[in-house]
1. Can you give the FRET efficiency to the nearest 0.05 for Asp227 and Asp67, using r as the Cβ-Cβ distance and R₀ = 25 Å?
2. Using only Cα atoms, tell me the angle between helix 238-253 and the longest principal axis of the chain; keep it within 0 to 90° and round to the nearest 10.
3. Work out how much length Arg204 to Gln114 would gain on full extension: take 0.36 nm times their residue separation and subtract the Cα-Cα distance, in nm to one decimal.
4. Apply the Karplus parameterisation 6.51 cos²θ - 1.76 cosθ + 1.60, with θ equal to phi minus 60°, to every residue of the range 212-220 and state each ³J(HN,Hα) to the nearest whole Hz, in sequence, with x for glycine and proline.
5. What chymotrypsin sites (Phe, Trp or Tyr not before Pro) in the range 176-245 are in a loop by DSSP, with at most 15 other Cβ atoms within 10 Å of the Cβ?
6. How many nm is it between the label spots at Ala132 and Ser186, if each spot is 7 Å from the Cα in line with the beta carbon?
7. Amide H of Gly200 versus every other amide H placed in the peptide plane: which residues, excluding those fewer than 5 positions away on the same chain, fall under 5 Å?
8. Counting Lys and Arg as +1 and Asp and Glu as -1, what is the net charge of the other residues whose Cβ lies under 12 Å from the Cβ of Asp178?
Amino acid sequence: MVDPADQPEGGRAYEHFRGLADPLGPHEVRALAEELGIRPTKTLGQNFVHDANTVRRIVAASGVGPDDVVIEVGPGLGSLTLPLLDAAGRVLAVEIDPPLAERLPRTVADRAPQLVDRLTVVGADALTVTAADLGTPPPTALVANLPYNVSVPVLLHLLAEVPTIRTALVMVQLEVADRLAAAPGSRVYGVPSVKAGFYGTVRRTGVVGRNVFWPVPNVESGLVRIDVHPEAPWDLGAEHRRRVFAVVDAAFAQRRKTLRAALSGWAGSGARAEEALVAADVDPRSRGEQLTTGDFVRIADAAGRLGIGPGAPSP
């Protein structure tokens with residue numbers, strides 16, 4: 001069983017762990033990698049977590065319990081999969097690498113035999129996996145150590161594709177974690193911050209040191225949690241999302257310019273951009289980094305009513 005005193009800073013108690021999974025340690029991680037012929041390199045970003053307390057901390061910070069169906073992206077050798085199974089109702093492990101996907105159920109059978117029937121391995125690319133691929137019951141949470149080079153696209157794709165997700169707890173490069181959780185006015189506030197905020201409340205929940213990985217990476221990692229809006233404050237549908245995100249992309253493509261100038265290409269002219277901004281009660285002289293996600297939604301909605309911007313209906 002997990003020591004209740006061993007909790008993530010500011011997190012919840014490990015109350016939902018059943019104590020039915022034997023976690024992977026450094027020796028087991030290396031042995032599995034050797035069996036599969038994996039030679040991880042820093043260049044390719046192949047870093048496996050080998051510290052049991054760290055993965056339990058991630059699961060605890062996610063808040064998942066026995067009623068949750070969890071998506072895990074890139075389970076790899078199963079370090080995070082095992083404690084997820086120990087806490088959650090089901091785990092849907094999305095793995096693109098066939099040898100890893102094939103080996104994972106055997107690892108779980110060896111180390112958590114009572115929980116193996118709670119695991120489903122989905123052989124797919126997380127950037128293109130669909131809700132239909134994940135089956136039923138529908139996922140309620142996302143918990144993953146995301147690949148650094150595609151972490152934001154994967155996170156945004158899954159939040160859009162799987163609307164039943166209520167919480168997401170992801171481990172990403174620390175710099176990316178800062179960007180995702182940044183507030184308006186921050187130096188690192190930008191496209192990832194606004195787009196993640198479209199779905200819910202985003203906050204950083206901790207830092208993960210380098211020494212819990214094998215091999216040791218060149219960067220530290222951060223934990224980011226997104227609590228999806230319990231009642232959506234705006235339309236989360238695909239068409240509306242595309243319109244809002246188009247405004248966001250245009251605003252930050254030239255972030256040093258005023259919004260009137262930055263949105264002129266998107267709107268068709270500076271005058272049209274100003275018309276949409278004024279209708280949304282946004283100062284045309286402001287800049288993208290000063291606006292909340294809600295501000296961008298208002299701009300997109302006002303532009304839509306006025307027939308401004310790509311794909312806008314005629315007024």
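The values are calculated or read from the model by the stated rules, or taken from the named source; none is laboratory data. Just so you know, these numbers come straight off a predicted model, no measurement behind them. Glycine gets a Cβ as well: all are built from the backbone with ideal geometry, and neighbour counts include every protein chain shown. For accessibility, only protein heavy atoms count, side chains too; no ligands or nucleic acids. Shrake-Rupley method; radii C 1.70, N 1.55, O 1.52, S 1.80 Å.
1. 0.95
2. Between helix and principal axis, roughly 80 degrees.
3. 29.1 nm
4. 8, 10, 10, x, 5, x, 7, 10, 8
5. Hits after loop and neighbour filter: nothing returned.
6. Result: 3.8 nm between the two label points.
7. Distant-sequence amide H within range of Gly200: His229.
8. Neighbour charge sum, excluding Asp178 itself: +2.
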